[in-house]
Amino acid sequence: VMVYQEDVIKVAHYFADLTLAEADVLRRGMSGKYRSREEFQSVRDKYFENCAAKGHSHQLAAEIWRQIESFAGYAFAKGHSASYAVESYQSLYLKAYFPLAYMVATVNNYGGFYSTELYIYEARKFGGIVHAPCLNNSDYYTSLKGNDIYIGFHLLHSFSIEAANKLLRARLDDGPFEDFNDFTDRVKISLEQITILIRIDAFRFTGKNKRALMWEAHFKVAKKPIDTGTKDLFRIEQKDYAIPTLENTWQEEAFDQIELLGFPLYSPFSLSTADEIKPILVKDLAKYEGKRVWVKGYLIHAKRTNTSKNEKMFFGTFLDKQGNWLDTVHFPAIAAKYPLRGKGIYKISGKVVIDYECILIEADYSEKLGVIEDPRYSNTVLNTHAYPPREAPETTKKIG
């Protein structure tokens, strides 16, 4: 029984009397890269010659060769296997006993199989309180302070490393920033870079509205001298302008987060358009075994595959409103009629099937729900004080 690639060498060496060097040519040839080479062909011919010389029947030799060839599809070196086993065990241990630190480390590694968004979502499930980048609390990489997770500046799209280094150096040298004027006096970066910080609400410690800060930035930063790399000997008091009272909605914050981070820190369900169905939550699905139900899920991944008849189908992995995993199977006819159309919220109907204690939905219908209108480009007046349902992550806490 061949388990590792090294076992192929043993079979070829002991069963067919090939030298270890010849057996290694056979092992390398299993990858398919060497099959057309004369070297590999000569080793194959010698394999059958040696088997005949040792008295093995052609039928037995051919069967062993068939097993060697079929093994090529999943051959694994023992060293790799042992390494992955150790790494898998270590990862499982860290995730089980230090879940928040593990998730933050994964975010700083820019995710794994899944997107960064999912690891942020998972961190919340383990009790993490996720905060948008903050000038006085965030570092370049995402950091963990108790149960508070501060997203790092490294995840901000179009925010330069140079700008991040300048503000972190200023904070290290002279302490936290007191207000907007203090920041602009101590950190000489472009208006474009400051605009990114304002839009992600990194100045929320000032208590000022983002729109008001945007006006301030255009009045003050545009007139700042070019950074000379030296500190000012005296700090000139900046003039404060009378700016009308301005407000922004949580919906605007969410769309800013999508543009700057790639995902919202609010629940994606709060951003989908209203729908008349009342979905069953994952925690209640077991009660409906064998029955047709409606569910709603946020698409995480779709695994596409072919049936024995070479028809396309796929398995879906979603999160429901409470953050629990929802698995679906879409057989060829349904997969062709109702294909998944990328990231978003889907409403799905189908039969609840429980197989080996795993619950899944055999889908017979799926539809991607729309997204609410972006209020930044709309004349619609939204309620600036109405926040999403409790299932949506809390992101309005002021950081002082």
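Name the pairs whose Cβ atoms lie under 6 Å apart, with the first residue in the range 181-198 and among the acidic types (Asp, Glu), the second open to solvent by 30 Å² or more (accessible area, probe 1.4 Å) and outside any helix (DSSP H, G or I), and 6 or more positions between them or separate chains?
Every condition considered, the pairs that remain are Asp185/Arg235.
I need every pair where a residue in the range 2-18 that is buried (at least 20 other Cβ atoms within 10 Å of the Cβ) has its Cβ under 7 Å from the Cβ of a residue that is of a type in the set (Phe, Trp, Tyr), sequence separation at least 6 or different chains.
These pairs meet every condition: Gln5/Phe76; Val8/Phe71; Ala12/Tyr47; Ala16/Tyr47; Leu18/Tyr47.
Kindly indicate which of Ile334, Ile361, Ile348 is surrounded by 18 or more Cβ atoms within 10 Å (Cβ to Cβ), touching a Pro at 6+ places or on another chain (Cβ under 9 Å) and farther than 19 Å from Leu118 by Cα.
Criteria check complete, one pass: Ile348.
Among the residues in the range 295-305, are any touching a residue at least 24 places away in the same chain (Cβ under 8 Å), open to solvent by 40 Å² or more (accessible area, probe 1.4 Å) and of a type in the set (D, E, K, R)?
For the range 295-305, residues touching a residue at least 24 places away in the same chain (Cβ under 8 Å), open to solvent by 40 Å² or more (accessible area, probe 1.4 Å) and of a type in the set (D, E, K, R): absent.
Within the range 363-377, can one find any residue that is part of a loop (DSSP other than H, G, I, E, B), in contact (Cβ under 8 Å) with a residue 24 or more places away in the chain, over 16 Å from Ser270 (Cβ atoms) and touching a Gly at 6+ places or on another chain (Cβ under 8 Å)?
no
For the range 155-204: of the residues being open to solvent by less than 10 Å² (accessible area, probe 1.4 Å) and in contact with an Asp or Glu (Cβ under 7 Å, 6 or more places away or on another chain), which is modelled with the highest pLDDT?
Ile200
Of all the residues that make up the range 268-294, how many are loosely packed, with under 15 Cβ neighbours inside 10 Å, under 20 Å from Tyr356 (Cβ atoms) and of a type in the set (Val, Ile, Thr)?
0
Being surrounded by 14 or more Cβ atoms within 10 Å (Cβ to Cβ) and not in a helix (DSSP H, G or I) is the filter here; which residues of the range 91-111 pass it?
Passing the criteria: Phe98, Gly111.
What's the total number of residues in the range 321-362 that are touching a strand residue (DSSP E or B) at 6+ places or on another chain (Cβ under 8 Å) and outside any loop (DSSP other than H, G, I, E, B)?
Matching residues across the range 321-362 total 25.
Please identify the pairs in which a residue from the range 252-277 that is in contact (Cβ under 8 Å) with a residue 12 or more places away in the chain has its Cβ atom under 7 Å from the Cβ atom of a residue that is of a type in the set (Gly, Ala, Ser) and open to solvent by less than 30 Å² (accessible area, probe 1.4 Å), counting only partners at least 6 apart or on another chain.
Between residues of the range 252-277 that are in contact (Cβ under 8 Å) with a residue 12 or more places away in the chain and residues that are of a type in the set (Gly, Ala, Ser) and open to solvent by less than 30 Å² (accessible area, probe 1.4 Å), the close pairs are Gln257/Ala132; Leu265/Ala132; Tyr266/Ala254; Tyr266/Ala392; Ser267/Ala392; Ser270/Ala392; Leu271/Ala254.
Going through the range 275-300 one residue at a time, which ones are charged (D, E, K, R) and within 16 Å of Leu319 (Cβ to Cβ)?
Passing the criteria: Lys283, Asp284, Lys296.
Given the condition on the phi < 0 side of the Ramachandran plot, of a type in the set (Gly, Ala, Ser) and under 23 Å from the mean Cα position of the chain (by Cα), answer yes or no: does some residue in the range 304-314 qualify?
no
How many residues does the range 135-154 contain that are surrounded by fewer than 20 Cβ atoms within 10 Å (Cβ to Cβ), of a type in the set (S, T, N, Q) and touching a residue at least 40 places away in the same chain (Cβ under 8 Å)?
3
Hey, can you tell me all the residues within the range 74-90 that are open to solvent by less than 100 Å² (accessible area, probe 1.4 Å) and either under 14 Å from Val3 (Cβ atoms) or not in a helix (DSSP H, G or I) (or both)?
Ala75, Phe76, Ala77, Gly79, Ser81, Ala82, Ala85
Having 1 or more residues that are closer than 20 Å to Tyr110 by Cβ and under 27 Å from the mean Cα position of the chain (by Cα) is the bar; report the helices (runs of 4 or more DSSP H) wholly within the range 124-207 that clear it.
The qualifying helices (runs of 4 or more DSSP H) are 161-174, 191-199.
The values are calculated or read from the model by the stated rules, or taken from the named source; none is laboratory data. For clarity, every value in this text was computed on a predicted model and none was experimentally measured. Every residue, glycine among them, receives a Cβ derived from its backbone with ideal geometry; neighbour counts consider all protein chains shown. Heads up: the accessible areas ignore ligands, DNA and RNA and are worked out on the full protein's heavy atoms, side chains in. Shrake-Rupley method; radii C 1.70, N 1.55, O 1.52, S 1.80 Å.
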